[in-house]
Each structure stands twice: as structure tokens, then as C-alpha cells.
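The values are calculated or read from the model by the stated rules, or taken from the named source; none is laboratory data. The model shown is predicted, which means the values in this text are computed figures rather than measured ones. FYI the Cβ positions are ideal-geometry reconstructions off the backbone, even for glycines, and counts take in every protein chain you see.
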Amino acid sequence: MVKRQSIVPEGERRGGKLPDVDRIQQITTDIMNEVGKVIIGKRDVIRKTLMSLYCGGHILLEGAPGIAKTTLARSISAAISCTFSRIQFLPDLMPSDIVGVNTYLPNEGRFVFKPGPVFANIILADEINRASPKTQSALLEVMEERQVTVDRVTYPLERPFIVLATQNPFEFEGVFPLPEAQIDRFMLKLRMGYPTREEEKKILELKDSNVQISAIKPVASPADILWVQDEVGSVYVSDKIVDYITLVIERIRGDDRALLGASPRGSITLLKVAKANAAIEGRDYVIPEDLRDIVNDALEHRVIIRPEHELEGMKSSAIVQEALDATPVPR
């Protein structure tokens, strides 16, 4: 076996070691191949979902109904042997329906905590913007702290933990906009579009053959995912890449058309996901292309357009892309 060469300086390796990118690539390939048994196409979405999982981040999935958003979450859960929970967000959903509640046992004269559906490795928050802001806010502590507090008692959540929230961009009646604090906690915002003609033919063939999620075999474990998360943290990032990130963020914040620019959490997201991207590509160091591949997915949902420019059709993705194009790429 040929030893992989690295450009990372010996004195700048975290803990004196380099990440095992060969094994990370193998785990990623195995998972994507299994998920690909039931999800036709969408390789980029699957890949970026794994990147977010490797960083311990959450994902906002946007797309029309019936394009396999739920199937994606279930398939990845099955492929990595993780527990899965689906929460259907409705206007009458209460915070206790998500996190759990203390139930009184009259025969024993005491309260017992009954965990909610959020106690799982992978949570599908289906149509999250249909619930009230109060209910949506119940996820804030869950997503950021990986814990639940009920009646001043804190319960840690099992790791790995990731929330995949879906919302329908085409239906505005009967929905509540996500608060900025909630949106900012999503590492990536991914869009799932309609399949191509060839992909749709394959989907019909699969359904005609009755291929189900049960066909997916576990090819990784929760321990494997935690190991990958730790290894990804060892990917090397040069000072030039850090400067590149800060310059892009600075340009976005300085754009007069933006009411709200990307937060420091957005900068951290770029750094983390770029590391995961590099590892999946088989490198133990980050290059500018790792950032350019995911910058829109990581930042556009954090940028709020001023109303007057929004009426003119300006999109946050355009501001992000312009900032990226205007920033010199480091060598």
C-alpha cells in the first residue's frame, strides 16, 4: 500500500497526527452506495448531508412534497445503524410533544420523565414551519446544546445527533417563518429538486420491484460516525484559508443590500464543512475549492435581504456568490 503524501507541516498537526482520510472515504462511499439503493440521483445532497453529519451539524431541507426528503433521512439512519425519529410539525404541536414531559404516577406518588421523540440519533422535523414559533423554539436548546431541560432537570441526548428539518417553499398559507436564531443553527440549507427523466424511470423501476428501505444494510455504526467527527477535526487549515473565509464573510456583511449578514456561526460552519469536504475528497488539508463547493449551502440562509431589494427580486444567494467572486482566491 502506497503511503499517502501530505503537505501539512509536522509542527501543525493536531495532536501530532493526521486524519485517516482513506478510511473516511471508504465509510462515505459505503454509506452513499447503500443510500443510493433507494434514493436515485441526489448524490450531491446525500454527500452534503454526510458532510454535515461528520461536523455534528443540522440541515434544513427544502423542496416540494414527494421528492424523498423523508426517505433520505430514513435511509441514512438505516445505513449507519442509528435510531430515527420523525416529528410531524403541526399548528397544535406543543413543546412537550417534542422534548418530553414529566408524568405523575399516582400509585407511586412521584413524577417520571417520559422522553419525547427528540431522543434519537437522527431527527426528521417534518414541515417545521407549520408549527408555532413557541414550538419551534423548543428545538433551540436541543440543536445547540444536545440536551433537553424539563422542570430544571437536564437530560443529555445520545450522540451522534442531527436534526434534518424540511419545509415546503411553495406553500405559504398556514406556516410560520423560522426565527433568525433558529435558521442560524442549521449548518447547511439544501434544496432537493425534481428528478431528471432518466432518474424518474429508475424510481418507477424501483417501486415496481418493491425495493424498500429495508433493503439497506448497515455499513457503519454510531461509533464510526463519532470517530469520523473526531478525525475531521484534525484536517489542516492554513492561515491563508482562514483569511479567505474572513474576507468573504466581511464582504457579505458590508453589502448594503443585506439587512443581516452571516454570523460568526456561519464562519465556523464554513471552516468545519470545508474540513469534512477535504476529508471526503481524500485530503488531510483544506483548499479553496472545498469552501467554494459549499459556501452557498452554508451562508445563504443566514443572509437577510433588505425589503426594498427583496421586492426587486434580489436573492441572498446572489450576495454570497458576488462576495465569493470578488474575493481573491489564495494560492
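Of all residues in segment 64-87, those satisfying the criterion of being in contact with a strand residue (DSSP E or B) (Cβ under 7 Å, 6 or more places away or on another chain), crowded, with 21+ Cβ neighbours inside 10 Å and not in a helix (DSSP H, G or I) are 82, 87. Counting just the residues of segment 262-280 that are surrounded by fewer than 21 Cβ atoms within 10 Å (Cβ to Cβ) and without any contact (Cβ under 8 Å) to a residue 60 or more places away in the chain, which one comes out nearest to residue 181 (Cα to Cα)? Of everything passing the filter in segment 262-280, 264 is nearest to residue 181 (Cα to Cα).
Would you check if residue 124 is in contact with a Lys or Arg (Cβ under 7 Å, 6 or more places away or on another chain) and either aliphatic (A, V, I, L, M) or surrounded by 22 or more Cβ atoms within 10 Å (Cβ to Cβ) (or both)?
yes
Residue count for segment 280-299 under the criterion of being within 17 Å of the chain's Cα centre (by Cα) and either at pLDDT 90 or above or more than 25 Å from residue 330 (Cα to Cα) (or both): the result is 9.
Within segment 64-95, the residues that satisfy the criterion of being closer than 25 Å to residue 154 by Cα, touching a residue at least 40 places away in the same chain (Cβ under 8 Å) and not aliphatic (A, V, I, L, M) are 82, 83, 84, 86, 89, 95. Return the total of residues in segment 208-265 being at negative phi, outside any helix (DSSP H, G or I) and of a type outside the set (Lys, Arg). Of the residues in segment 208-265, 23 are at negative phi, outside any helix (DSSP H, G or I) and of a type outside the set (Lys, Arg). Does residue 284 qualify as being in contact with a Phe, Trp or Tyr (Cβ under 8 Å, 6 or more places away or on another chain) and either surrounded by 14 or more Cβ atoms within 10 Å (Cβ to Cβ) or charged (D, E, K, R) (or both)? Yes. When residue 137 is tested against (1) within 17 Å of the chain's Cα centre (by Cα); (2) modelled with pLDDT under 85; (3) farther than 22 Å from residue 63 by Cβ, just one condition goes unmet, and that condition is (1). Within segment 1-55, restricting attention to residues that are in a loop (DSSP other than H, G, I, E, B) and charged (D, E, K, R), which residue is modelled with the lowest pLDDT? Out of the qualifying residues, it is 3.
When we screen 230, 224 for residues that are surrounded by 15 or more Cβ atoms within 10 Å (Cβ to Cβ), within 20 Å of residue 55 (Cα to Cα) and modelled with pLDDT of 90 or more, the only hit is 224.
Restrict the check to segment 141-151 and report whether at least one residue is in contact with a Pro (Cβ under 6 Å, 6 or more places away or on another chain), surrounded by 13 or more Cβ atoms within 10 Å (Cβ to Cβ) and of a type outside the set (Phe, Trp, Tyr).
Yes, segment 141-151 has at least one match.
The set of residues in segment 235-254 that are touching a residue at least 12 places away in the same chain (Cβ under 8 Å) and touching a Gly at 6+ places or on another chain (Cβ under 7 Å) comprises 249, 252.
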